[in-house]
Every structure is written in structure tokens, then in C-alpha cells.
Amino acid sequence: MAALILFGGGGDLAMRMLLPSLYFLDHDGLLPDGLKIIGAARSSETAEEYIAKVHEAVKARAEADGGWDEASWARMKSRLDYLAVDATDPESLKPLKAKCGDGEVTSFLAVSPSLYGRIVTAMKAAGLAEKNCRIVLEKPVGRDLESFLEIDDAVGHAFDERQVFRIDHYLGKETVQNLIALRFGNTIFEPLWNNLTVDHVQITIGETVGVGDRWPYYDEYGALRDMLQNHMLQLLCLVAMEPPSDLDPDSVRNEKVKVLRSLRPITLEEAERVTVRGQYVAGTSEGKPAKSYHEERGQPSDTETFVAIRADIDNWRWAGVPFFMRTGKRLPEKRTEIVIQFKPVPHSIFGHGERGEINANRLVIELQPEEDISLSVMNKKPGLDQRMQLQPIQMSLSWGVPGGVNGKDAAPPRRRIAYERLLLDAMAGDSTLFVRRDEAEQAWKWVDEVSDAWSGANFKPLDYVAGTWGPEAADLLLSRTGRRWNTRD
Ligand code: BG6
């Protein structure tokens, strides 16, 4: 019998993401037989009270996704248990260990990272770090390289690296994995995937939400540490890495680390040219008035809620190809996409605009709000016009889009919560989609250089109005080089 312990089992992440994910997995018959799910937190509630809370949270989510049924809930309910613990105290953890039995134990730390070090030490003393145990760490692990290493050393004293699963939930997203299939399951893209053909790459993670009540956490991290250090750099790695020899966890992660090592450091002199920090001021978001970050926070702060960066990868494949990344809160759209912008044709046989503009090809990998991969190509406008006219068309390479699969409309499978895949993989011991220590270390190293440059240059965030795409400087970052951010129009 296996057990999954959710430390912080009553918290936001557990209730919004982890427990609904487990419900859906159970619903689809994907959880190991006999798996026990044990919530563990400080609150002194009973198992019945905890299960009632889980029921409410899971039902709301499953109903919204059209996947609620009582039989699945009854099955999940029979797995659930709860124990009030002080996770930093080995004595308090012993009854938890006893509840787990002798099977494999996976512990998910959905608590403040400042507690990770003390919790893993207590887990070791309580017998929860034995050979049959695994630990899953939610991001952010640390707030800079030094604090990451400190926490990770404590983890390393309790667990072997093969037992440690550092989560970046972006890696559990279907389209992110599809990017691997697209690049390495086809021959047609890889020969073009380099500086001979690609002009530049854009990665955008736009969110319409503000920071709101999360400011006590957010104010310490900001967009650079909350999003860029992890989600954005992971996406960059998957776009830029060399083909791994197989899908073995270490083969893939070895290639990602090489990309991170090749990122050109951002120096103090360069910070102003290649980075933009922003913070939202009052405006309108999704048709409603939105407060400034300053108002939400209750006092002025120098934390950025928007960051845009030009990254350069110093290797043969990518020399001269800028990777532009931007992310922020209170932007006009919830949109996550990777854009591979190819170079224009070397010479136009169609003249210069009189037959329609010739747009350079563009591959857009959209993760949110839709999951879609599309390639824009130039096409002849149908008809007998003697001056042949051109037009761009979008070819969809995805499920769920008319003509998307084998020319037929294909119903997309239910969009899974990213954690579903990652929870299953962690329980099965497959770390391919998790972040290895050296990856996180390299990512922190690069991000620390950026934040050092910002403090060295006393580089304060620029204002942007809530509901816009960040400070004007973010547009200038591209327009200075004759490029512009992808738009939907
Ligand atoms: C989290 C960040 O890791 O990712 C949040 O801490 C952010 O600030 C969230 O809102 C975005 O995730 P997603 O899957 O909604 O794009």
C-alpha cells in the first residue's frame, strides 16, 4: 500500500490544485490501488472536518470542469485521512509515519519554502526519508542562489537526489510536452531550429490577475523570482536545448543545464538595455477598475510585477538569436505562448507589397488560454487575379481545432491540471519533468546576476497602467531591434 502525504494539506495549493488533480486521476482510474492520501497540517481539525473541506473544494472544481460524479468521490473519500502535525518536530511526525504503513511514501511539501529545511530534517528523524520515500518540493526553493543551496543542502542530507522531485508545474502542461514531441518527433522542424533560419524567439506569460492578497509572499519575490527563474527559463530550455539521446530523465536534464550555462550574464552596464522592470498602477482590468500594486500592498514597494528581458544564448545553434521574455500581472490577457519567428525570405519574387505583404513564417506554441500549435505560412489568394495575390494562413498542428488532426475536427481530451501528470510521475519515481539540482542552481545564478545588476544600477520598476502590456520600455526592447511582440490582431 502506497501513501501520499500532503504537508500543507489544508492550504491554497492543496485545495485548488493538488486535491482536485487527485480526484480527476482517481476518476480516470489512474491512482495506484490502495493509495492513501493523508493531509497533514497544523490545524487541529478532525479527519471528518478535513474531508468535508476537501469535498467542497474538489466538487466545485470538478463541477466546473464537468467531471463530478459521486462514485469517484466515494472512492477518493475512502483514501483520505488527516493528521494535525508540527512538521518540524520528529515526534509529531511519528504517528504520521505509522499511518503510512510499509509501502512507498511520497511527501508533497505545499508549505512555505522557509520551512523546507527544518521539515526534511524532522522527516529524516521520523523515518519518512527511507529508501522507499520520495519528496516533492513546490517552487520557489529559495529566493536566491545562496538560500536555494542552503535549503537544498538540508534536503540532500535527508534524501538522495533520485528521491527529490522539484516541481515546476509548467512542465506538467500538455503543450509543453507537445513541444518536445514537435521538435523531436518530426524531421521538418529540427533542421530549421537554429540561427540560420530563426530570427528570434518570444516567450510571453501574461496574467490578468493582480497580486491581491498574495502580496506578503509576492513582495519578497517579484516577477523575476516568481515566474522568470522557473517557468520562463524552463520554457526557454525546452525550446533551445539540443536533442537528447533519449527521454531518460538525466538525458533531458543534461541538455537543459547546458542551455542555462550558455545564457549570457547580464551585467550592470547592460541591465538598462536588455531588461525592463515594471509595477502596475491603477487602471482597468477585464472591464473593472483595478487598484495599483502600491494600494494592494498598503505602502510603496520596489518589487516588480512585470519583467521583460532579452536573453542571449552563447552557443553555435543560437548565436545572434535573441530570446525575448516577458511576464506580468494585470496585463490585458491571460496568455502564455512561445513564438518562433523565422527569418524573412531572402528575396521576394512577388515584388514589394503590391501582391500583399510577405510575412515571415511564425510558429506559435500557445499554452493558455487555448492549447494550440500553429504555423503561419504564405498562400496564394484563390481566384483568377492575373497579378497573383498572397495571403498568410494559419495551419493548426493541434488537437481540438477544425482540421487539426488528420483533416478532421478532433474533440480535445479534457484539459488536465498540470499537477495531475506531475503527481503521477512523482509517485512512479519518474523525474523527467522535474527540475534537477544543478538546473535550479544555474537558473538562480543567472537570475541573481540580473537582480544584482538591478540593485547595483538602482534600477526601480517603471509604472504601467493595469490592463496594458507593461511599460513602454518593453515594446522598445524589441522595436529598437526592428521587431515587435506578437499580437492577436
Ligand atoms: C505560479 C506563480 O507559479 O504560477 C503565480 O507563483 C502565477 O504567481 C502562476 O500566477 C501561474 O500559473 P498558470 O498555470 O496559471 O500560468
Quiz prompt | Qualifying positions in region 437-468 - small (Gly, Ala, Ser) and touching a helix residue (DSSP H, G or I) at 6+ places or on another chain (Cβ under 7 Å) | solution = Ala440, Ala443, Ser451, Ala453, Gly456, Ala457
Quiz prompt | Subset of region 341-373 (residues that are surrounded by fewer than 16 Cβ atoms within 10 Å (Cβ to Cβ) and within 24 Å of Gly283 (Cα to Cα)) | solution = Pro369
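Across region 48-92, what is the number of residues that are of a type in the set (Val, Ile, Thr) and out of contact with any strand residue (DSSP E or B) (no Cβ under 8 Å at 6 or more places or on another chain)?
Step one: list which residues in region 48-92 are of a type in the set (Val, Ile, Thr), which gives 51, 54, 58, 85, 88.
The next check asks that each one be out of contact with any strand residue (DSSP E or B) (no Cβ under 8 Å at 6 or more places or on another chain); those that pass are 58, 88.
The qualifying residues number 2.
Say whether the condition of being crowded, with 23+ Cβ neighbours inside 10 Å and either more than 21 Å from Asp312 (Cα to Cα) or of a type in the set (S, T, N, Q) (or both) is met by at least one residue in region 186-196. Full working, then the answer.
Initially, region 186-196 is screened for residues crowded, with 23+ Cβ neighbours inside 10 Å, giving none.
No: zero hits.
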Exercise. Look through region 201-248, keep the residues that are away from the ligand (no atom under 12 Å from the Cβ) and in a strand (DSSP E or B), and return whichever of them is surrounded by the most Cβ atoms within 10 Å (Cβ to Cβ).
Key: Ile203
Quiz item: Is one or more of the residues making up region 318-329 within 16 Å of the ligand (Cβ to nearest atom), more than 26 Å from Glu272 (Cα to Cα) and in a loop (DSSP other than H, G, I, E, B)?
Solution: no
Quiz item: in contact with a Lys or Arg (Cβ under 8 Å, 6 or more places away or on another chain), away from the ligand (no atom under 11 Å from the Cβ) and either within 22 Å of Leu375 (Cβ to Cβ) or not in a helix (DSSP H, G or I) (or both) - does that describe any residue in region 181-191?
Solution: yes
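The rows are residues; the columns are (1) buried (at least 18 other Cβ atoms within 10 Å of the Cβ); (2) over 18 Å from Leu4 (Cβ atoms); (3) touching a Leu at 6+ places or on another chain (Cβ under 6 Å).
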residue	(1), (2), (3)
Glu56	no, yes, no
Asp69	no, yes, no
Leu83	yes, no, yes
Ile135	yes, no, no
Quiz item: Out of curiosity, is Asn194 part of a loop (DSSP other than H, G, I, E, B) and either of a type in the set (D, E, K, R) or more than 10 Å from the ligand (Cβ to nearest atom) (or both)?
Solution: yes
Self-check item: region 301-340, residues that are buried (at least 24 other Cβ atoms within 10 Å of the Cβ), over 23 Å from Asn359 (Cβ atoms) and polar (S, T, N, Q)
Solution: Thr305, Thr327
Quiz item: Counting only residues that are surrounded by fewer than 22 Cβ atoms within 10 Å (Cβ to Cβ) and part of a helix (DSSP H, G or I), which one in region 137-150 is nearest to the ligand (Cβ to nearest atom)?
Solution: Ser147
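Would a scan of region 170-193 turn up a residue that is closer than 18 Å to Arg437 by Cβ, out of contact with any His (no Cβ under 6 Å at 6 or more places or on another chain) and not hydroxyl-bearing (Ser, Thr, Tyr)?
Initially, region 170-193 is screened for residues closer than 18 Å to Arg437 by Cβ, giving 171.
Now narrow it down to the ones that are out of contact with any His (no Cβ under 6 Å at 6 or more places or on another chain): 171.
Filter once more, keeping what is not hydroxyl-bearing (Ser, Thr, Tyr): 171.
Yes, region 170-193 has at least one match.
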Quiz item: Can you tell which of Glu91, Glu130 is over 18 Å from Gly10 (Cα atoms), assigned to a helix (DSSP H, G or I) and of a type outside the set (A, V, I, L, M, F, W, C)?
Solution: Glu91
Quiz item: How many of the residues in region 457-489 are in contact with a strand residue (DSSP E or B) (Cβ under 6 Å, 6 or more places away or on another chain) and of a type in the set (S, T, N, Q)?
Solution: 1
Practice problem: Output yes when any residue across region 262-271 is over 23 Å from Ser479 (Cβ atoms), more than 16 Å from the ligand (Cβ to nearest atom) and buried (at least 17 other Cβ atoms within 10 Å of the Cβ), and no when none is. | Solution: yes
Exercise. Report yes if Val155 is on the phi < 0 side of the Ramachandran plot and within 16 Å of the ligand (Cβ to nearest atom), otherwise no.
Key: no
Practice problem: Quickly run through region 359-414 and pick out the residues that are over 24 Å from Ile340 (Cα atoms), at pLDDT 85 or above and in a strand (DSSP E or B). | Solution: none
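The values are calculated or read from the model by the stated rules, or taken from the named source; none is laboratory data. Just so it is clear, the structure is predicted and the values come from calculations on it, not from any experiment. Cβ sites come from the backbone with ideal geometry, for glycine too, and all protein chains shown count toward neighbours.
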